[in-house]
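What follows is a set of notes on a single structure, which appears directly below.
The values are calculated or read from the model by the stated rules, or taken from the named source; none is laboratory data. Model, not experiment: these values are computed from the prediction. Note that each Cβ is placed from the backbone with ideal geometry, even for glycine, and that neighbours are counted across all protein chains shown. In case anyone asks, the SASA skips ligands and DNA or RNA and just uses the protein heavy atoms, side chains included. Shrake-Rupley method; radii C 1.70, N 1.55, O 1.52, S 1.80 Å.
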Amino acid sequence: MRFTERCEFKGDPAEVWTRVSNLQTIPTYWHGTREFKITATGAKTSADVVFAFGGKGKAEAAVDEKGRMLTIEYLDGPFRGRQTVTVTDGSVQAAWDVVFKGAYKIVGPLNTSHFRSGTRHALQRICEGLTG
């Protein structure tokens, strides 16, 4: 499954980046992620993930402050692959490139639709109530 969603905003890109780059608040904006529990920090941050739709996984996150890009590599769980979230002046974009495993593979087209919708809503939540 590959797709990209984008949300435009008026306000301070630094405020949007603060929301995107704070790994502790991922479940606040990304409702498909029930928990993002950090297990180790370093060049990449390791995390145990609990998904709202069921299932658990492992992920590594890299925060690129200069490029304002968050990259999450999903290493184990219902799917594997990469999500990137990038903040520019006036927009935030999320791109997914993941492959579903097991029973989640069977309902692939439904997963894609669900992920796209969830991504649009997450980006809208990230952009809400900006003060700039």
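Residue check, Asp89 against (1) touching a Pro at 6+ places or on another chain (Cβ under 8 Å); (2) surrounded by 12 or more Cβ atoms within 10 Å (Cβ to Cβ); (3) over 19 Å from Tyr29 (Cβ atoms), all met but one. Which one?
Here Asp89 clears every test but (2).
Of Arg6, Arg2, Arg82, which residue is over 15 Å from Leu123 (Cβ atoms), open to solvent by 40 Å² or more (accessible area, probe 1.4 Å) and touching a residue at least 60 places away in the same chain (Cβ under 8 Å)?
Arg2
Would you please name the residue that is surrounded by the fewest Cβ atoms within 10 Å (Cβ to Cβ), looking only at residues in the range 9-20 that are among the charged types (D, E, K, R) and assigned to a helix (DSSP H, G or I)?
Ranking the candidates gives Glu15 first.
Find the residue count for the range 60-76, including only residues that are open to solvent by 30 Å² or more (accessible area, probe 1.4 Å) and either touching a helix residue (DSSP H, G or I) at 6+ places or on another chain (Cβ under 8 Å) or of a type in the set (S, T, N, Q) (or both).
3
Determine the pairs where a residue that is modelled with pLDDT under 90, located within the range 109-125, has a partner that is open to solvent by 40 Å² or more (accessible area, probe 1.4 Å) with Cβ atoms under 6 Å apart, the partner being 6 or more residues away or on another chain.
Thr112/Met1
Looking at (1) open to solvent by 30 Å² or more (accessible area, probe 1.4 Å); (2) without any contact (Cβ under 8 Å) to a residue 40 or more places away in the chain; (3) not in a strand (DSSP E or B), can you tell me which one Gly54 breaks?
Result: Gly54 passes all but (1).
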